[in-house]
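Student: So that we are looking at the same thing, I have put the structure below in structure tokens.
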Amino acid sequence: MKVSRIRRPSILLTGATGILGSWILNEALERGYSPVVLMRDEDRPHAERRLDAVLHLLGKQKMRPEVEIVHGDARQSELGLDSDVSRRLRNSASAFIHCAASTSFNPKDDLNLWETNVTGVQNVLDFVSDSDMALYHVSTAYVAGSRRDPSFESELEVGQDFNNTYERSKCVSERMVRDAFDAGHTYGAIFRPSIIVGATDHGKICDFQNFYGFLRLVDMASSRKPNEHQRIRLEGNADATTNLVPVDWTARALWHIVETEGDRCQTYHLTNPYPDTVGRLKEWVNGVIRESNTEFEVVRELDGTPSTLEGIAHSAFQHYRVYLKHQPTFDRTNTERATLKAVPFPKLGPELYAKLLNYARSQRWRGALSRHALKAIPQPDAAAV
């Protein structure tokens, strides 16, 4: 049954302690919603610590009473919820924002990845089916796979190959959501973000994945003693684009679309309209590491005997190397219509890259949910929770 977009302040959110989910939670609190977060931790104290860590990162510690934790698991039927809790959420929540996913590119994780990204989405669909709750599904722009032509928001399966099981699983699960929309079992929207990096103002992010492997290499190279000149070769294509999007813009754009036209069952590319190339990133890097007498070079293939840093990079990027050689281009018709004036895309470039690197350095490359970070979080007064 299709109804108005957001009618009640309660929303159900998965992945609330993840890279994007944490900022979606932040936006929900700033917009006056009462989030209910589904967490699958082994016990409530551990879930509390992880949520507190994310709220501490976001500067939202005082809003902890506004967030309800329910213990569950999207990989299980009925989301692993007690029947009374399940019934209450179906009756009280206006929207379900499904952000939880496995993003591993390691083939060893394929079984868990499929269980999370495909079985989990089916369970979410069963939960919201024929209810009064809208579904906002976070997919990925990389359902485009290895396409060389532009990827349109209106397309999904066009016979493309996939670079890994992650891309394939997200395509399959997005098809399931699209079919549920078409059949009228639920309504909402599908969001396809690209590579998420830290916030535009300060570079904050809750974990250092994907692009941060590259920044970590930059950090290592810049700390090298400036002895003889060293060249670090990376396999890639200098003309390939790197589609980076700041986490704060991504969450704000998503919420704006939810509130303005999120019941249209459309798909939105939350992507960078003017992505930098690998070559331009290399130029910025070489400026950062110049004093260490080190230089990055992009090569089509790494031949000969690699240096120590080249070997580290080659190993660290083994599952991501394909994205340094080619990335699709993304149509943004729906996204621009919905956000262009209200949530314009920020200008990205060397200033932001420096913020991302400096923030990661300031955290010693430890994410907000690392063991060290969790221990450092001040515990709230029991009466305040």
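Student: Considering the Cα trace of the stretch 231-385, what is its radius of gyration and what is Dmax, both in angstroms?
Tutor: In order Rg, Dmax, the Cα atoms of the stretch 231-385 give 19.8, 63 Å.
Student: Another question, if that's okay. What residues have an amide H closer than 5 Å to that of residue 232, excluding those fewer than 5 places away on the same chain, when H is modeled at 1.01 Å from N in the peptide plane?
Tutor: Answer set, sorted by chain and number: 295, 296, 297.
Student: Something else now. Helix 211-222 against the longest principal axis of the chain: what's the angle in degrees, Cα atoms only, rounded to the nearest 10?
Tutor: Once rounded, the angle reads 30 degrees.
Student: I've got another one for you. In debye, nearest 20: dipole of the stretch 213-298 around its Cα centre with unit charges on the Cβ of K, R (+) and D, E (-)?
Tutor: 300
Student: Would you mind working out the magnitude of the charge dipole of the chain relative to its Cα centre, with +1 at each Lys and Arg C-beta and -1 at each Asp and Glu C-beta, to the nearest 20 Debye?
Tutor: The dipole of the chain has a size of about 860 debye.
Student: Related question: Straight-line reach only, C-alpha to C-alpha below 17 angstrom: list the aspartates and glutamates that residue 347 could link to, leaving out same-chain residues fewer than 8 apart.
Tutor: Straight-distance partners of residue 347: 201, 248, 276, 336.
Student: Based solely on C-alpha atoms, express the radius of gyration and the Dmax of the stretch 299-372 in angstrom.
Tutor: 18.2, 52
Student: With only alpha-carbon atoms counted, please give the Rg and Dmax of the stretch 84-233, in Å.
Tutor: Reported Rg and Dmax, both Å: 19.6, 68.
Student: A further question on this structure: Take the stretch 225-305, compute every pairwise Cα distance, and split them into 5 Å bins from 0; I just need the percent in each bin.
Tutor: 3, 12, 16, 15, 13, 10, 9, 8, 6, 4, 2, 1, 0
Student: Across 5 Å bins from 0, what is the distribution of all Cα-Cα pair distances for the stretch 279-320, in whole percents?
Tutor: Answer for the stretch 279-320: a P(r) of 5, 19, 24, 30, 18, 3, 0 percent.
Student: Modelled label-to-label distance, residue 293 and residue 149, 7 Å Cα→beta-carbon offset: nm?
Tutor: 5.3
Student: Which ³J(HN,Hα) values in Hz, rounded to whole numbers, follow from the phi angles of the stretch 304-309 under the Karplus curve 6.51 cos²θ - 1.76 cosθ + 1.60, where θ = phi - 60° and Gly and Pro get x?
Tutor: Taking θ as phi minus 60°, the curve returns x, 8, x, 6, 4, 5 Hz for the stretch 304-309.
Student: Something else about it: With a cap of 15 neighbouring Cβ atoms within 10 Å, and only residues DSSP puts in a loop, list the GluC sites (Glu not before Pro) found in the stretch 41-97. Mind dumping the intermediate values first?
Tutor: Working: sites: 42, 48, 66, 68, 78; in loops: 42.
When the GluC sites (Glu not before Pro) of the stretch 41-97 are filtered for loop state and at most 15 Cβ neighbours within 10 Å, 42 remain.
Student: Also, I was wondering about something else. So, in nm, how far is label residue 91 from label residue 227 when the simple model puts each one 7 Å beyond its Cα toward the Cβ?
Tutor: Distance between label points: 7.2 nm.
Student: So, one more: Compute the relative contact order of the chain as a whole-number percentage, counting only Cα pairs closer than 8 Å that sit 6 or more residues apart in sequence. Present the calculation step by step, with values, prior to reporting the outcome.
Tutor: Details: 702 pairs, mean separation 77.6, N = 385.
Computed value for the chain: 20 percent relative contact order.
Student: A follow-up question, please. Over the stretch 1-92, what is the relative contact order in whole percent, taking alpha-carbon pairs under 8 Å and six or more residues apart?
Tutor: Working: 103 pairs, mean separation 24.2, N = 92.
Here the relative contact order equals 26 percent.
Student: Another question about this same structure. Here are some values of log10 I(q)/I(0) by the Debye sum over Cα atoms at q = 0.07, 0.11, 0.13 Å⁻¹: (1) -0.44, -0.92, -1.14; (2) -0.28, -0.72, -1.03; (3) -0.32, -0.80, -1.11. Which one was computed from this structure?
Tutor: (3)
Student: How large is the convex hull of the C-alpha atoms of the stretch 165-301 per residue, in Å³?
Tutor: Measuring per residue, one finds 140 Å³ for the Cα hull of the stretch 165-301.
Student: Among 209, 76, 318, which one shows the biggest mean-square fluctuation in a GNM of the chain, springs joining Cα atoms closer than 10 Å?
Tutor: It is 318.
Student: Hey, rough spin-label estimate for residue 131 and residue 34, points 7 angstrom out along Cα→Cβ, what's it come to in nanometres?
Tutor: 1.6
Student: To continue, here is another question. Once fully extended, how much extra length lies between residue 316 and residue 300, figured as 0.36 nm per residue of separation less the alpha-carbon to alpha-carbon distance?
Tutor: Additional length available on full extension: 4.0 nm.
Student: Binning at 5 Å from 0, report for the stretch 218-261 what percent of all alpha-carbon pair distances ends up in each bin.
Tutor: 5, 13, 13, 12, 12, 12, 11, 8, 7, 4, 3, 1
Student: Pick from 228, 261, 157 the residue whose mean-square fluctuation is largest in a GNM of the chain, springs joining Cα atoms under 10 Å.
Tutor: For the chain, modelled as a Gaussian network with Cα springs under 10 Å, the answer is 228.
Student: In addition: So, R0 is 22 Å and r is the distance between the beta-carbons of residue 83 and residue 46; what FRET efficiency does that work out to, to 0.05?
Tutor: Efficiency at R0 = 22 Å is approximately 0.35.
Student: Determine ³J(HN,Hα), in whole Hz, for all residues of the stretch 271-279 in sequence, where each value follows from phi through the Karplus function 6.51 cos²θ - 1.76 cosθ + 1.60 and θ = phi - 60°; x replaces Gly and Pro.
Tutor: 10, 8, x, 9, x, 6, 9, 4, x
Student: Tell me, in nm to one decimal, what length is gained between residue 62 and residue 237 on full extension, where the rule is 0.36 nm per residue of separation less the Cα-Cα distance?
Tutor: Taking 0.36 nm per residue and subtracting the Cα distance, the gain is 58.3 nm.
Student: Something else now. What residues qualify as long-range amide H neighbours of residue 266, i.e. H under 5 Å apart, gap of 5 or more or another chain, H built at 1.01 Å from N?
Tutor: Amide H to amide H, under 5 Å and 5 or more residues apart or across chains, residue 266 pairs with 190.
Student: Below 20 Å, Cα to Cα, which lysines can residue 325 reach? Residues fewer than 8 away in the same chain don't count.
Tutor: Cross-link targets: 282.
Student: Rounded to whole Hz and in sequence order, give me ³J(HN,Hα) for the stretch 69-86 from the Karplus expression 6.51 cos²θ - 1.76 cosθ + 1.60, θ = phi - 60°, writing x for Gly and Pro.
Tutor: Values, residue by residue: 9, 10, 7, x, 7, 4, 6, 10, 4, 6, 6, x, 8, 4, 4, 5, 5, 4 Hz.
Student: Same structure, new question: Between 233, 88, 216, find the one with the highest GNM mean-square fluctuation for the chain; connect C-alpha pairs within less than 10 Å.
Tutor: In the Gaussian network model the winner is 88.
Student: No solvent, one uniform scatterer per C-alpha: report log10 I(q)/I(0) for the stretch 5-137 via the Debye equation at q = 0.13, 0.18 1/Å, two decimals.
Tutor: -0.52, -1.01
Coordinate-derived values only; no laboratory data. Every value quoted in this text rests on a predicted model; they were computed, and no experiment measured them. Cβ atoms come from the backbone with ideal geometry, glycine included; neighbour counts cover every protein chain shown.
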